[in-house]
Amino acid sequence: MSTAAIPSNELVRFGKFFLDELKPRGKWITPFNVISIPVILLGLVILYFRFTQGLGSVTNLSQQYPFGFWIGFDVMTGVALAGGAYVLCFVVYVLRLEKYHSILKVTILNGLLAYVFYSGALVLDLGRPWHIINPIIGNSFGYNSVLFLVAWHFLLYTGALFLEFSPTIAEWAHWEKLRKFLTSLTLGTVIVGITLSMLHQSGIGAMFLMAKPKIHPLWYSEYIPLLYFVSSIFGGLAMVIFEGTISSKVFSNLIGAKTHHSHEDVILGLGKGAAITMFVYYFFLAFIFMHGEKWKLLNGPWGYWYLVEVIGFVLIPCFMFAYGVRNRRFGVIRVAAIMTVLGVILNRQNVCLIAYNWYVPNKYYPSWEEIVVTLTVVFVEVWVFRWVVTRMSVFSKE
Amino acid sequence: MEYYSYVNIFETKGLAYLLLLSFLVLGVLLIRYLSGPERKDPGPAKKDRAAHG
Amino acid sequence: MDRRQFLVASATLSVGGIPNVNIKADDAKEPREFVGVLVDTTRCIGCRSCEVACSETHSNYVPDITSDNALESIRDTSERQFTVVNRFSTEKGEVFVKKQCLHCWQPACAAACLVNAMLKTKEGPVTWDGDKCMGCRFCMISCPFDIPKFEYASWNPRIMKCNMCYERLQEGKKPACVESCPADALMFGQKRELMEIARHRVYSHPDNYVHHIYGENEAGGSGWLYLSAVPFNQIGFRTDLGTTPYPEYTREFLISIPLIEFGVPAFLLALNTLTDRKDELRKDDEWTESGVEK
């Protein structure tokens with residue numbers, strides 16, 4: 001069932017079809033386009049300087065802060081918030097809760113694009129990106145590295161997500177036999193994908209295990225991998241709620257009436273899952289805090305900042321989810337989802353940038369160029385997302 | 001040198017078990033809270049649960 | 001008991017009585033005696049000729065030691081200089097301390113490197129290979145001494161750090177800094193010998209030294225060793241790094257990966273089978289249809 005089996009006139013047909021689909025549809029002048037196009041163009045100019053003059057010409061990275069906003073936000077946070085894909089795959093394919101099937105495809109698409117663009121943003125940050133092939137082709141396997149594990153799992157999981165999404169692509173291209181074959185692979189890819197996710201979500205945390213003397217003790221613990229894994233579960237769920245809210249408004253013409261109606265029920269279920277996961281996560285934090293005997297550290301600005309993260313962006317959204325689910329208050333659930341997403345962002349920034357080298361006097365803050373490039377990555381992702389959902393049957397039409 | 005003085009590395013273990021107990025109690029409360037006020041009305045709640053399964 | 005029986009019995013006893021706990025074939029590995037350098041900060045006069053010799057050997061920026069007054073501030077090694085000498089005012093007067101890569105016994109940077117560009121060589125130096133490095137800077141995150149430095153201003157950046165003059169060592173020479181030292185503050189040799197010399201100096205002049213050799217156990221121990229007259233935290237050393245080799249912190253995680261990869265898919269597949277409600281209902285139907293219930 002490879003493409004070679006498809007006759008050449010079929011490929012010609014697909015080529016024409018693809019070119020036709022590439023053409024834009026609908027209005028050009030939308031608020032999103034007006035904002036995103038200049039930002040993307042500016043981002044490309046900045047990237048030109050980045051690749052000709054070196055990273056120092058556009059970023060505020062320094063010898064004390066080798067990881068900046070591109071790693072801390074794009075890669076670390078983007079991957080954590082893409083966790084919704086594996087959580088929903090687990091719920092739908094492994095636990096067979098059909099209720100969530102209607103939002104599965106769009107979540108997988110979001111996950112796939114997040115991995116392609118946000119972990120792809122890693123290439124921008126590498127000093128010698130042309131050597132990125134080295135750990136993959138095997139001329140120098142650094143098995144001893146956590147990053148080796150993370151890199152391979154990124155790659156394999158992106159492939160798994162692509163396979164999970166591929167039936168939709170085959171359907172769009174009218175390859176019925178291929179679609180059936182790809183659909184038959186789904187359970188296998190899902191199981192592999194969940195396993196890979198568990199390992200690389202925690203692996204991103206494990207990257208900081210050796211930075212023990214540099215991360216503020218309130219944020220460092222040997223359980224960082226576990227914390228990263230658990231926070232990717234509720235971070236992913238919150239992101240699914242958040243994206244679902246936006247999609248159901250922006251692409252409401254693409255979503256069927258039945259799905260629109262059952263969306264409330266789905267959100268209640270996701271909110272419930274997030275509340276329980278965050279409750280467990282909070283107890284993980286309390287347990288680590290207590291075992292590390294970190295009471296004294298709470299005094300002072302770093303302690304207060306830690307409490308802001310743990311109380312303000314874990315415990316409070318957890319209670320808000322619980323309240324919203326019990327009383328069917330969807331506004332509260334949505335606000336809780338946004339706070340949770342911010343909380344995961346905050347946590348990753350804390351470990352990677354803010355509480356990293358906390359004793360250094362000249363702190364790192366991102367330059368405007370770094371922020372523009374990050375926005376470029378996000379906007380390009382949204383462009384591709386919009387292109388895909390308006391052409392393939394991603395949203396449930398029922 | 002501090003290496004040669006007695007150190008109890010399980011000092012916080014008792015507290016950990018207290019934390020565990022409070023987690024179990026609060027966890028049950030949270031789950032009960034999340035199951036919602038439908039409890040008083042057994043009819044639709046049952047139906048709902050069947051649909052979830 | 002005759003002589004033969006006695007021999008057999010004692011042989012059995014020696015084999016069975018004292019079990020060989022070390023089941024890894026340790027004699028199969030070649031012995032790794034690492035080289036290093038002993039820095040005696042009580043002897044250093046702060047002439048900075050090591051800085052010049054280092055930069056000349058590695059074609060880096062050569063400081064103008066006669067007029068740049070660099071000792072006025074505390075400097076760090078940089079992407080331009082692999083080693084610097086700093087001056088500290090302490091209770092025992094001015095102390096000069098040379099700083100460079102310590103060449104750890106179990107380097108965090110090498111464990112962090114996913115392409116083995118950062119490599120602990122058999123001889124002891126930790127080297128960097130530009131043909132492999134992809135510039136991810138994870139070695140900089142991991143190094144507890146903040147030694148690897150990155151050329152941010154270059155489109156083709158290198159990771160810059162001391163390699164203990166690996167090329168010179170292979171020619172049978174000493175590192176450039178050691179050779180250039182006029183005050184005999186630096187001594188090159190195998191770590192085992194250097195430790196004995198260091199201990200000898202401490203014990204024979206107990207009032208001149210603090211009774212600690214920095215690098216003996218710090219972060220698992222390093223090739224470079226330091227002697228000092230004042231506590232090490234007063235002369236710019238971190239004393240909170242612990243004695244655990246840094247790769248150990250990731251060991252449990254890295255080793256448990258296959259366990260997850262064996263176990264989790266099986267668990268997920270089992271859950272998937274056990275939650276097959278449709279199959280259960282179909283079997284129920286078959287049961288009723290076959291008439292057993294009637």
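The values are calculated or read from the model by the stated rules, or taken from the named source; none is laboratory data. Keep in mind that this is a model prediction, so the values were computed, not measured. Positions of Cβ are backbone-derived with ideal geometry, glycine not excepted, and every protein chain shown enters the neighbour counts. Just so you know, the surface numbers come from the protein's heavy atoms only, side chains and all, with ligands and any DNA or RNA stripped out. Shrake-Rupley method; radii C 1.70, N 1.55, O 1.52, S 1.80 Å.
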Worksheet, complete the sentence: the protein assembly as shown: antiparallel bridges as % of DSSP beta bridges, rounded to 5, reads 85 percent
Practice prompt. Take residue C:106, project a point 7 Å from its Cα along the Cβ direction, then tell me which residues of region A:132-157 have their backbone nitrogen under 15 Å from it.
Written response: A:144-146
Practice prompt. Would you work out which of C:186, A:29, C:170 lies farthest towards the positive end of the dipole of the protein assembly as shown, given +1 charges on the beta-carbon of Lys and Arg and -1 on that of Asp and Glu, about the Cα centre?
Written response: A:29
Response to the item:
Packing-ranked peptide list from A:33-45, C:255-267, highest mean Cβ count within 10 angstrom first, is A:33-45, C:255-267
Worksheet item: Residues of C:243-253, mean number of Cβ from any other protein chain within 10 Å of their own Cβ, rounded to a whole number?
Response: 5
Worksheet item: Given springs between every Cα pair under 10 Å in a Gaussian network model of chain A, which of A:66, A:217, A:301 has the largest fluctuation?
Response: A:301
Worksheet entry | Charge dipole (chain A, unit charges on Cβ, about Cα centre) - positive-most of A:250, A:178, A:347 | A:250
Worksheet item: Do the alpha carbons of any pairs in A:294/C:92; C:99/C:122; A:180/A:272 sit beyond 28 Å of each other, and which pairs?
Response: A:294/C:92; A:180/A:272
Worksheet item: Rounded to the nearest 20 Debye, what is the dipole magnitude of the protein assembly as shown about its Cα centre when Lys and Arg each give +1 and Asp and Glu each give -1 at the C-beta?
Response: 1700 debye
Worksheet item: By the gyration tensor of its Cα atoms, with a ≥ b ≥ c the square roots of the eigenvalues, what is the shape of region A:38-389: rounded for a/c under 1.5, prolate for a/b over b/c, or oblate?
Response: oblate
Practice prompt. Quick one: accessible surface of residue C:105, probe radius 1.4 Å, all protein chains present, in square angstrom to the nearest 10.
Written response: 120 Å²
Worksheet item: Using the beta-carbon distance between residue B:29 and residue C:261 and R0 = 41 Å, what value does 1/(1 + (r/R0)^6) give for FRET efficiency, to the nearest 0.05?
Response: 0.65
Worksheet item: In whole angstrom, how far apart do the alpha carbon centroids of region A:324-398 and region A:132-196 sit?
Response: 24 Å
Discussion item. If the only charges are +1 at each Lys and Arg Cβ and -1 at each Asp and Glu Cβ, what is the size of the charge dipole of chain C around the Cα centre, to the nearest 20 debye?
Written reply: 740 debye
Item to complete: For chain C, set up a Gaussian network in which alpha carbons nearer than 10 Å are linked by springs, and say which option among C:64, C:131, C:76 fluctuates the most.
Response: C:131
Worksheet item: Any idea which of A:313, A:159, A:49 is furthest toward the positive side of the dipole for chain A, if Lys and Arg beta-carbons carry +1 and Asp and Glu beta-carbons -1?
Response: A:313
Worksheet item: Using alpha carbons only, how many degrees (0 to 90, rounded to 10) separate the axis of helix C:191-204 from the longest principal axis of chain C?
Response: 50 degrees
Worksheet item: Taking H as built 1.01 Å from N, whose amide H comes closer than 5 Å to the amide H of residue C:225, not counting residues under 5 places away?
Response: C:37, C:38, C:39
Item to complete: Assign one of three labels to chain C, namely rounded, prolate or oblate, based on the Cα gyration tensor with a ≥ b ≥ c the square roots of its eigenvalues; rounded applies when a/c is under 1.5, prolate when it is not and a/b is larger than b/c, and oblate otherwise.
Response: oblate
Item to complete: Could you let me know the centre-to-centre spacing of region C:198-276 and region A:7-66, using Cα atoms, in angstrom?
Response: 44 Å
Fill in: Charge sum, other residues only, whose C-beta stays under 12 Å from residue C:169's C-beta, Lys/Arg counted +1 and Asp/Glu -1
0
Worksheet item: Pick from A:113, A:315, A:298: which residue has the top mean-square fluctuation in a GNM of chain A where Cα pairs under 10 Å get a spring?
Response: A:298
Discussion item. Nothing charged except the Cβ atoms of Lys and Arg (+1) and of Asp and Glu (-1): what's the magnitude of the dipole of region A:38-389 about its Cα centre? Round to the nearest 20 debye.
Written reply: 460 debye
